[in-house]
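What follows is a short report on a single structure.
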Amino acid sequence: MEHPKHLEPPRDRNSSLVRSCLRGLRHSIAPVLIVAVAFALLWHLNERKVAELRVLESASVEDPATQGLRSYCDTLRPGVSLHASLLKTDIPVQQIASLLSEMGNVLDLRKLLPGESYEVITDGQDSLRMLRYRKAPGEIFVVEPIEDGFTVFQENIPLTKVVRKVEGTVDVSLYDAVIASGGDAELAVMLSDVFAWDVDFFTDPRKGDKFSFIVEQYMRGGRPRGYTRVLAAVYSGQEMTRDAYSYQVSDGKAGYFDSQGRSLKRAFLRSPLNYRRISSYFSNSRFHPILKRYRPHHGIDYAANYGTPVVTIGDGVVEYAGWKGGFGRYVSVRHNSTFTSTYGHLSKFGKGVRRGVRVAQGQVIGYVGSSGLSTGPHLDFRLKQNGKYVNFLRIAPPALAAVPKAEMAAFEAHKSGLLQAMSSMAASQTLELAEFEARFFPDSLESGLAMAK
């Protein structure tokens, strides 16, 4: 039965307004609630994942006293101080300053050298439990927390030198392959450093590439205690095949040489940084994302995380270090009368980098940023040859040295012994140094392994 209009309940304007507001809120709050629920779910899953990781970490350690501890290993790089290197670890900043102050009472921190390594162990609260700094095999300094700070002492370790063979096949990366072959991060870095002038292990390796090398290692009680050097290495890939043999020439200079006695060390490194990908190649006509027009791009844009260290590709003198228009923070290094390299869009400069300063190959001269005309963090790298830009990826820098002709016979004997060892030893096989020398260098250590020391 339809009510007469005059009998219908009167409409309340206020209640209508409330209903309208509620409808609006319902539509506006729904997305917020969805986001909040999703965030809560992700947080829960992340916490669960972290908890599972902690359980796995604890389960992999037999000693209950070490459960929940985290280990971090690294090597000092040219131009990077121990303080700067430790900032990458879990150690709180205030603890870093305190432990370095204590270390300074035992060893001269100004004389720490690139290539020296350290291991940091922290607990679940990111508090330092131990730092082991290795200046040389058998020369290890240990930092441990005490009630009112830190204590530093030197370990006296009786060590045994052995030679070990490592071989494997690349699936994802060289790093993963070395780990899968029984090595560790330090060993992967050592192998990549051997071929640093010829192979860029961040872009060149392909699935199925094979590697084999023998390395000197120190042991104590059957456990590895650091490496000294790679004695010989072979990398066989789809893109290239390279070999390397550690050898010391009569003038005392040691290095790596190929099978023809040519030095692997070249005037320029293969890359100015460990980049994630190349975002823009050398081109005479590239569309500029900010200026919105086509213009020459006579360089290479290396996309990398903000703050990634940038190193000079070769020895030289800093010509310019400062702000340079669209390049932002910019460094120019003159290597010789022919070549000059430039580095743009930096976030900051390396320590002590200024005009007129001499820099060494591999020294940190700045850090990846997005200064100047840039759409994101990357390095704008360029190379000039006789004043004109050239494509860095296509040049072949000359080797810096070679085995002298008068020493080629000794080098060939040395190389022959190393090749015999490479072919005779099984993967992961370890021989004590005396046995290794007796088997593969029985005639004359003077022209064999001893020459590489």
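Computed values, structure above
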| item | result |
| --- | --- |
| Within the stretch 343-393, tally of residues that are over 15 Å from residue 310 (Cβ atoms), in contact (Cβ under 8 Å) with a residue 40 or more places away in the chain and among the charged types (D, E, K, R) | 2 |
| Residue in the stretch 396-418 that is under 30 Å from the mean Cα position of the chain (by Cα) and without any contact (Cβ under 8 Å) to a residue 24 or more places away in the chain present | yes |
| Selection count where residues are in contact with a Pro (Cβ under 8 Å, 6 or more places away or on another chain), polar (S, T, N, Q) and surrounded by 14 or more Cβ atoms within 10 Å (Cβ to Cβ), scope the stretch 111-139 | 0 |
| Answer from 411, 392, 440 - the residue that is more than 24 Å from residue 216 (Cβ to Cβ) and surrounded by 13 or more Cβ atoms within 10 Å (Cβ to Cβ) | 392 |
| Residue that is in a loop (DSSP other than H, G, I, E, B), in contact (Cβ under 8 Å) with a residue 12 or more places away in the chain and not hydrophobic (A, V, I, L, M, F, W, C), where the choices are 192, 259, 212 | 259 |
| Residue, modelled with the lowest pLDDT, within the stretch 334-357, restricted to residues that are assigned to a loop (DSSP other than H, G, I, E, B) and under 20 Å from residue 387 (Cα atoms) | 337 |
| Criterion: out of contact with any Gly (no Cβ under 6 Å at 6 or more places or on another chain), at pLDDT 80 or above and over 24 Å from residue 366 (Cβ atoms) - qualifying residue of 317, 249 | 249 |
| Hits in the stretch 139-182 - residues which are among the acidic types (Asp, Glu) and either touching a residue at least 12 places away in the same chain (Cβ under 8 Å) or closer than 19 Å to residue 241 by Cα (or both) | 139, 144, 155, 167, 171 |
| Test: residue in the stretch 322-333 that is surrounded by 17 or more Cβ atoms within 10 Å (Cβ to Cβ), modelled with pLDDT of 90 or more and closer than 19 Å to residue 266 by Cβ | yes |
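One line per residue, one yes/no per condition, for (1) in contact with a Lys or Arg (Cβ under 7 Å, 6 or more places away or on another chain); (2) in the same structural domain as residue 166 (by TED's automatic domain parsing); (3) at pLDDT below 90:
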{"residue": "376", "(1), (2), (3)": "no, no, yes"}
{"residue": "416", "(1), (2), (3)": "no, yes, no"}
{"residue": "420", "(1), (2), (3)": "no, yes, no"}
{"residue": "431", "(1), (2), (3)": "no, yes, no"}
{"residue": "445", "(1), (2), (3)": "no, yes, yes"}
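The values are calculated or read from the model by the stated rules, or taken from the named source; none is laboratory data. None of the values given here were measured: they were computed from a predicted structure. No Cβ is skipped: glycine too gets one built from the backbone with ideal geometry, and neighbour counts run over all protein chains shown.
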